[in-house]
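In what follows, a single structure is set out as structure tokens and then discussed.
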Amino acid sequence: MAFWGYPRYVSVAEKKAKAEKKLKQLKKKNPDLQPIRLEGKTLALSWWAKSWNKNLERYADYENRISRGRSYVRHGAVLDLTITPGTVHALVLGSDPTPYRVTISIGPIKKAHWKEIEKQCEGQLKSLQDLLAGKFPKSLAEIFFDRRNGLFPSPEMIKFDCSCPDWASMCK
């Protein structure tokens, strides 16, 4: 029951139990669901994953949405996640009993932009093994993470589509 128009407080344990129950129910019809399960408290382990989050956080419109999204992950509410080139699809359980469908589309890097990144990276990398392990020379990381000309997409390159009732352009 709501008090003064505020929704009833739902504990983390209740949210996790609700998500687990819904996941079991959905897996009967679709056993191929790939839920997100955290091991420990850290959401992003690699340099790439941390930088992806950092990139989104630096855009003011997205910053306040990300903390809410993190709580969905921590509560086990991301019931399915599929990543394909240029697109991310998710099934997320919010306060409604029916999960929301979320699609994030990311535009490709233009060829001229890619050529410029290649040019800037020339001679910067001393070990391919270090790069694959996520260890970057600082100068290379700065090139990749540059706000205007780096590898990570700007808000104009990211399109969101979600079936939730939230009006914000970036679904939490």
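The values are calculated or read from the model by the stated rules, or taken from the named source; none is laboratory data. Values in this document were obtained by computation on a predicted structure and should not be read as measured data. Methodologically, a virtual Cβ is constructed for each residue, glycine included, from the backbone with ideal geometry; neighbour enumeration extends over all protein chains shown. Side chains included, ligands, DNA and RNA excluded: accessible areas come from the protein's heavy atoms. Shrake-Rupley method; radii C 1.70, N 1.55, O 1.52, S 1.80 Å.
List of remarks:
- Note on region 37-172: with charges restricted to the Cβ of Lys and Arg (+1) and Asp and Glu (-1), its dipole about the Cα centre is near 260 debye.
- Global geometry of region 1-107, whether rounded, prolate or oblate, following the gyration tensor of its Cα atoms and the 1.5 cut on a/c: oblate
- Stretchable slack from Phe145 to Ala112, in nm (0.36 nm times residue separation minus alpha-carbon distance): 10.2 nm
- When the listed pairs Lys50/Lys159; Lys28/Lys54; Lys119/Lys172; Lys21/Lys54; Lys54/Lys159; Lys110/Lys138 are checked against a 26 Å cut-off, the alpha-carbon distance exceeds it for Lys28/Lys54; Lys119/Lys172; Lys21/Lys54.
- With all protein chains in place and a 1.4 Å probe, the accessible surface of region 47-147 carries 56 percent carbon and sulfur.
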